[in-house]
Amino acid sequence: MLADILTVLVAVEHFYILYLEIFALDSAAARRIFRLDDSDLANPKIRTLFANQGLYNGFLGAGLVFSLWIQQPLVIDFFLICVIIAAVYGAFTANRSILFKQGLPAVLAFIAHLWRC
């Protein structure tokens, strides 16, 4: 039960990132979280890259929801590991805080699933 709740929270986080990156890139929250200024937002290539990233975050969220729906532990673990790998990569290439903001919830959910909590 705890594992499923944590997994849902990870999925919701990725749907929120999708929302920010695709639909609300001009918002104050997106500007703050992604450290964007007006010149960044005026660049169509940057906007396209963010939209693409948002789509992938949506796929992670959808995969987590789907895996909970079909109740296949290996599929749940697969998507949580994908999130963890993405967080590690993001921490090395973009911002270390990604490891804690996105990686830690996924690690906790993964551990809870391993223990079948």
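The values are calculated or read from the model by the stated rules, or taken from the named source; none is laboratory data. This is a predicted model, so every value here is computed, not measured. Heads up, the Cβs are rebuilt from the backbone with ideal geometry, glycines too, and the neighbour counts pull from every protein chain shown.
Number of residues in the range 4-24 that are of a type in the set (A, V, I, L, M, F, W, C) and within 16 Å of ALA94 (Cβ to Cβ) equals 2. The conditions of being within 20 Å of MET1 (Cα to Cα), touching a residue at least 60 places away in the same chain (Cβ under 8 Å) and not charged (D, E, K, R) are not met by ALA62. Residues that are closer than 22 Å to PRO105 by Cα and either free of Cβ contacts under 8 Å to residues at least 24 places away in the same chain or in contact with a helix residue (DSSP H, G or I) (Cβ under 6 Å, 6 or more places away or on another chain) (or both) within the range 36-55 comprise GLN53, GLY54, listed in sequence order. Here ALA28 meets each of (1) closer than 14 Å to ALA109 by Cβ; (2) among the hydrophobic types (A, V, I, L, M, F, W, C); (3) without any contact (Cβ under 8 Å) to a residue 24 or more places away in the chain with one exception, condition (1).
Residue by residue, here is whether (1) of a type in the set (A, V, I, L, M); (2) modelled with pLDDT of 95 or more holds:
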| residue | (1), (2) |
| --- | --- |
| ALA24 | yes, yes |
| LYS45 | no, yes |
| PHE50 | no, yes |
| GLY63 | no, yes |
| PHE66 | no, yes |
| GLN102 | no, yes |
| ALA112 | yes, yes |
| TRP115 | no, no |
